[in-house]
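Participant: One structure, as structure tokens, below. Some questions next.
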Amino acid sequence: MMNTPQRSQWMIGAFLVLLMAVTRGHHFASIEHLPSASWAVFFLAGIYLKPLWSFPLLILEAFLLDFAAITFGGVSSFCVTPTYIMLVPAYASMWWAGRWYTRHHQEQWSSLLTLFSSLILGTAVCQIISSGSFYFYSGRFTDPTMVEMINRLIKYSPSQFAAVFFYVGFAIAIHLFLSWFHRSRYSGAETL
């Protein structure tokens, strides 16, 4: 099981809040905008942040960022329908995938397989919940069909997976570097 000190949790939590704030609100990446880190933020929060209140806090942040983007930022409200509430279980799937992983984490390279398995499953479930509920129940599409839903998943899922893997991969690199630094610092101190 991963044991993150409380001070580190506060720093990680602040970074995740900031990361969501600077990347949310743009639906496609460009030179000026990184892809949304929201899904990765919920996954990483599930891993690193122990307090259960971190999940509703991040949900509130996502809502407030969307509200501000639509109200003050000129972002289209096309995606805000009665199915918007389905983002809660969609994000919960990412958060719970991170929670599941942290219970199975070991400081071994083989743990990466467990990490990627939970990340793939969480992202797939999140994509199905968020896209499926929007496609079938938003009222934005006439005569939705399962075949068209599958085609939409095939079309849009690669960019979602790429964004999640980009941010989580970056987090893995930071985690490995800090673990190495911590071990080398304390093992070097013992030999002095």
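Participant: Among S76, S133, S8, what's the order by accessible area (1.4 angstrom probe), most exposed first?
Facilitator: Final ranking, largest accessible area leading: S76, S8, S133.
Participant: Running Debye on the chain with equal point scatterers at the Cα sites and no solvent, what base-10 log of I(q)/I(0) appears at q = 0.09, 0.10 Å⁻¹?
Facilitator: Log10 of I(q)/I(0), two decimals: -0.37, -0.45.
Participant: Sticking with this structure for a sec: Seen from all sides and averaged, what is the projected area of the convex hull of the Cα atoms in the stretch 103-192, in nm²?
Facilitator: Average of the hull's projected areas for the stretch 103-192 equals 7.7 nm².
Participant: Which value at 222 nm does the chain reach when only helices count, each DSSP H run of 4 or more adding -39,500 (n - 2.57), with the total divided by all residues and rounded to the nearest 500 deg cm²/dmol?
Facilitator: -25000 deg cm²/dmol
Participant: Just to compare against my own numbers: the Cα pair-distance distribution for the stretch 30-73, 5 Å bins, whole % per bin, please.
Facilitator: In whole percents, the pair-distance histogram is 5, 19, 22, 23, 16, 10, 4, 0.
Participant: Based on the mean of other Cβ atoms within 10 Å per residue, sort peptides 143-153, 55-65, 88-98 so the most packed one is first.
Facilitator: Highest to lowest by the protection proxy: 88-98, 55-65, 143-153.
Participant: When a/c reaches 1.5 or more, the comparison of a/b and b/c decides; with that in mind, is the stretch 45-156 rounded, prolate or oblate per its Cα gyration tensor?
Facilitator: Here the stretch 45-156 falls in the oblate category.
Participant: Here's something else I'd like to know. Could you tell me how far the Cα centroid of the stretch 63-134 sits from the Cα centroid of the stretch 141-159, in Å?
Facilitator: 18
Participant: Ordered by residue, what ³J(HN,Hα) values in Hz, to whole numbers, does the stretch 4-13 give under the Karplus form 6.51 cos²θ - 1.76 cosθ + 1.60, where θ = phi - 60° and Gly and Pro are x?
Facilitator: Once θ is set to phi - 60°, the couplings for the stretch 4-13 become 9, x, 4, 4, 5, 4, 5, 5, 5, x Hz.
Participant: Separate question: Report the full-extension gain for the segment F15 to F170: residue separation times 0.36 nm, less the Cα-Cα distance, to one decimal in nm.
Facilitator: That pair, F15 and F170, stretches by 54.5 nm at full extension.
Participant: I've got another one for you. Once ligands and nucleic acids are excluded and a 1.4 Å probe is used, how much of I128 is accessible, expressed in Å² to the nearest 10?
Facilitator: The accessible area comes out at roughly 100 Å².
The values are calculated or read from the model by the stated rules, or taken from the named source; none is laboratory data. Not measured: the values here are computed from a predicted model. So basically every Cβ, Gly included, is an ideal-geometry build from the backbone, and we count neighbours across all protein chains shown. The area values use the complete protein model at the heavy-atom level, side chains included, leaving out ligands, DNA and RNA. Shrake-Rupley method; radii C 1.70, N 1.55, O 1.52, S 1.80 Å.
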